[in-house]
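Visitor: Have a look at this one before I ask anything.
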Amino acid sequence: MGSLYSAQPAWLHAWPTGLKLACMAVFGTLLFLVDSPWVLAAAACGCLLLWASLGEATRVARRLMASVLTAALLVAAFHLWTGRPDVAAMSALRLACASTLGVALTVTTRPTDLLAVLDALLAPLAHLGLQPQRVSLQLALMLRFTEHFFTQWKKLDDAHRLRTGCAGGLRLIAPLTVQMLQSARRVADAIDARLGS
């Protein structure tokens, strides 16, 4: 499966995975508790500095962030059309900031390290009769398939550009769906073979 993790060293690579995950959770929650566009604008400036400070490590996710920013602008345009400029600003800034935090975590954290932290965090669930390893595996797979979606989209778009000279756009939905279903099937088969259920 494709990954957005970057082996290009950046200062955030040195941070413990648990600390990065905790910071993302705290700051991500604060983004949705704040109702001031000015505070969110300041947070966006901070996220921009974070993104810039990671340098070449963000190269693998730049097209993804361009898509996210386009989506944020579309959300803002919709709210402006409904006559709610304050909601437009807050929605777009929240989406951009939360996505930047998530991508910063993704490009500087190995999936195996993230899975180990999730295992540790969910370990108390064993006292309730649940299987924390399976819960953490499900969460990790959700994150990995999100990464895989965008890496596959990028590969298909690059191939389409080479053939036609233009972006694939919505024409990529059908082949992307087929590839994602095939990947899901392969992962399911691998899990079934390993876990036996």
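Visitor: Taking the square root of 5 times each eigenvalue of the Cα gyration tensor, what semi-axes in Å does the equivalent ellipsoid of the range 1-70 have, largest first? Don't skip to the end; give the middle numbers.
Guide: Values: eigenvalues 104, 52, 29 Å².
The equivalent ellipsoid of the range 1-70 has semi-axes of 23, 16, 12 Å.
Visitor: For R171, what charge total do you get from the other residues with a beta carbon under 13 Å from its beta carbon, if Lys and Arg give +1 and Asp and Glu give -1?
Guide: +1
Visitor: Can you bin the chain into rounded, prolate or oblate? Criterion: square roots of the alpha carbon gyration tensor eigenvalues sorted a ≥ b ≥ c, rounded for a/c under 1.5, prolate for a/b above b/c, oblate for the rest.
Guide: Here the chain falls in the oblate category.
Visitor: Among 170-178, 101-109, what's the highest-first ranking by average C-beta atoms within 10 angstrom per residue?
Guide: The densest-packed peptide leads the list: 101-109, 170-178.
Visitor: Need the C-alpha centroid separation for the range 156-197 versus the range 23-75, integer Å.
Guide: The range 156-197 and the range 23-75 have Cα centres separated by 27 Å.
Visitor: Sticking with this structure for a sec: Using a 1.4 angstrom probe and counting only protein chains, how large is the accessible area of L128 in Å², to 10?
Guide: Solvent-accessible area, nearest 10 Å²: 130 Å².
Visitor: So what is the relative contact order of the chain, in percent, for Cα pairs below 8 Å that sit 6 or more residues apart?
Guide: It rounds to 26 percent for the chain.
The values are calculated or read from the model by the stated rules, or taken from the named source; none is laboratory data. Since the model is a prediction, treat every value here as computed from it, not as a measurement. For neighbour counting, all protein chains shown are included, and Cβ atoms are generated from backbone atoms with ideal geometry for every residue, glycine included. Side chains are part of the model used for accessible areas, which takes the heavy atoms of the whole protein and leaves out ligands, DNA and RNA. Shrake-Rupley method; radii C 1.70, N 1.55, O 1.52, S 1.80 Å.
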